[in-house]
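Since the structure comes first, as structure tokens, the remarks are kept for the end.
The values are calculated or read from the model by the stated rules, or taken from the named source; none is laboratory data. Computed from a predicted model, the values in this text were never measured in an experiment. Here the Cβ is made from the backbone with ideal geometry for all residues, glycine too, and neighbour counts use every protein chain on show. In case anyone asks, the SASA skips ligands and DNA or RNA and just uses the protein heavy atoms, side chains included. Shrake-Rupley method; radii C 1.70, N 1.55, O 1.52, S 1.80 Å.
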Amino acid sequence: MAQGRGGRYMVGDYVVGKQIGAGSFSTVWHGRHRVHGTEVAIKEIVTARLNSKLQESLKSEIFILKKINHPNIIRLHDMIEFYQWRGIVNYPQNNEVHAENVNAASLEPHEKKYGS
Ligand SMILES: Nc1ncnc2c1ncn2[C@@H]1O[C@H](COP(=O)(O)OP(=O)(O)OP(=O)(O)O)[C@@H](O)[C@H]1O
């Protein structure tokens, strides 16, 4: 994560907040868009900890999630690679599904954007 103004950590245009979950291979953070205030969940995955089979599974999961747009399924908004994968998905609040694209122009030079 890049450190922004005021010592806050940023992923793209999102200010990283508190940890909201953890999986076997992930840490999930609350994120808030620095301009619009849109809330998201930021899933951090250190791919170096995954064997090649798990890395392939992750790529498949990302490929499928990017194609799905359904009110009952979490939406993958974007994915940013630092030296590992990071995905930005929607953060469910009051059963609403937020839909907003991350502005590629705002990404820092060492970040790389995949898809749209
Ligand atoms: N979009 C989200 N909104 C809110 N919380 C989330 C979101 N995505 C994940 N979490 C939280 O983070 C935890 C870990 O999620 P993640 O998808 O990484 O792992 P998992 O699939 O639940 O577990 P595992 O990888 O071990 O099978 C979840 O159990 C949940 O508490």
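The set of residues in the stretch 12-33 that are near the ligand (Cβ under 10 Å from one of its atoms) and touching a helix residue (DSSP H, G or I) at 6+ places or on another chain (Cβ under 9 Å) contains only 25.
Kindly evaluate residue 25 against the criterion of being out of contact with any Phe, Trp or Tyr (no Cβ under 6 Å at 6 or more places or on another chain) and in contact (Cβ under 8 Å) with a residue 24 or more places away in the chain. For residue 25, the condition - out of contact with any Phe, Trp or Tyr (no Cβ under 6 Å at 6 or more places or on another chain) and in contact (Cβ under 8 Å) with a residue 24 or more places away in the chain - is met. Candidates 83, 91, 114: the one that is more than 21 Å from residue 19 (Cα to Cα) and either at pLDDT below 85 or loosely packed, with under 13 Cβ neighbours inside 10 Å (or both) is 114. For residue 36, the conditions (1) open to solvent by 40 Å² or more (accessible area, probe 1.4 Å); (2) within 12 Å of the ligand (Cβ to nearest atom); (3) over 19 Å from residue 81 (Cα atoms) are fulfilled apart from (2). Checking each residue in the stretch 56-72 for being under 30 Å from residue 8 (Cβ atoms) and within 14 Å of the ligand (Cβ to nearest atom) picks out 58, 61, 62, 65.
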